[in-house]
1. What does the extension gain come out to for T35 and F248, with contour length at 0.36 nm per residue minus their alpha carbon separation?
2. Longer than 21 Å from Cα to Cα, which of K54/K263; K81/K131; K81/K153; K131/K153; K54/K217 are they? Say none if no pair is.
3. Residues with amide H under 5 Å of I21's amide H, sequence separation 5 or more or different chain, H placed in the peptide plane at 1.01 Å from N; which?
4. In nanometres, what is the gap between the two model label sites at R224 and K176, each 7 Å from Cα along Cα-to-Cβ?
5. How long, wide and thick is region 262-303, going by the Cα atoms along their three principal axes, in whole angstroms, largest first?
6. Give me the tail of P(r) for region 75-187 as a percent: Cα-Cα pairs with distance above 17 Å.
7. Could you check which residue among F71, F248, F37 shows the biggest mean-square fluctuation in a GNM of the chain with a 10 Å Cα cutoff?
8. List the residues, sorted by chain then number, that are 5 or more residues from Q93 or on another chain and whose placed amide H is less than 5 Å from its amide H.
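Please treat every number below as a calculation from the coordinates, not as lab data. Since we're looking at a predicted model, the values are computed, not measured. When we count neighbours, we look across all protein chains shown, and the Cβ atoms used for this are built from the backbone with ideal geometry, even at glycine.
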Amino acid sequence: MLTDTTIDVLRSMERDGIAVIPNFLTTNQLKGMQTAFDARLRHVRWNDIDGYEKERFRHVIEDVLTLDQGFVDAALHPLVKETLREYVGDRYQLVEAKGWRSLPTRRNFHGWHGDAWYDQTNLDFIPREVKLGVYLTAVQSGFFEYVRQSHQKQAPHPVPDRQLGNIPASMIAQVKGPAGTGFLFDTSGIHRQTVPILEARSAVFYNYHDPSLPLQKEAVDYYRYHPLLLNAAFLRNLSEEDCRILGFGDQRNYFLAFSRRQKYPRLQCVFETLLDATVAWSSLRERVEAGLTRVLRSARLSG
């Protein structure tokens, strides 16, 4: 039987396409997630250093389920599971879990859109996909906006601002709030991150849909919905449903020996050359120092 809270969230999802969940995380969950997330934001991913992927206005952290127990618990929250079971269907899975820190800017780099993910040439209906957003910092600028009742109306695509000029402000949900605020939304609805972003904000987004549906070519080429990367330390007490949601044993979207195309091959070649030289110099210095140590030790013994 559904809880009253779940019923309220479902009604909001069916009616508006979005439901805000205040205080979604406990204090302890939020603290652990913030600490682990911030640690990954210290460095760009490089060689043996885990970190973030750099974009112009965002620092992106992939595979957040490996960072802290709280990220897994949020993905499998009972309210989320009950809502998705009713709204998306029994075959939904978590197909992506990533987050980012949005940097201060006045550039409108992430305008109005619906999320394109499925192959629109092979389906004659709009499949339901839901994202769970969770703020890891307080957000009062650069917040999430959603056009109420725009979901399941048209195939997802970018939406120019001029097409929304006549929509009353009451039809636009603005998700502001403290760290720990959560929100579910149907990704076919029109949404965006607002500008200006006056202070850096961190958020995590979990993506749920039926993985048996055909994906658009861009998602396949990028291997976007690859099987989840998980940390064994965080997988205790999982139910059979939890294992299904996390995609245990599901190889439908697994590509053997996938290699992602490099974005900056020349720059990477330069960095690799410099790294090779640095490693070689470090090895040479260690050998020289070890040799000098042996010579000095022998000199002291002979003296």
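1. 73.9 nm
2. K81/K153; K54/K217
3. G182, F183, L184
4. 3.0 nm
5. For region 262-303, the Cα spread along each principal axis is 60, 9, 5 Å.
6. 64 percent
7. Answer for the Gaussian network model of the chain: F248.
8. Residues meeting the amide H criterion: H209, D210.
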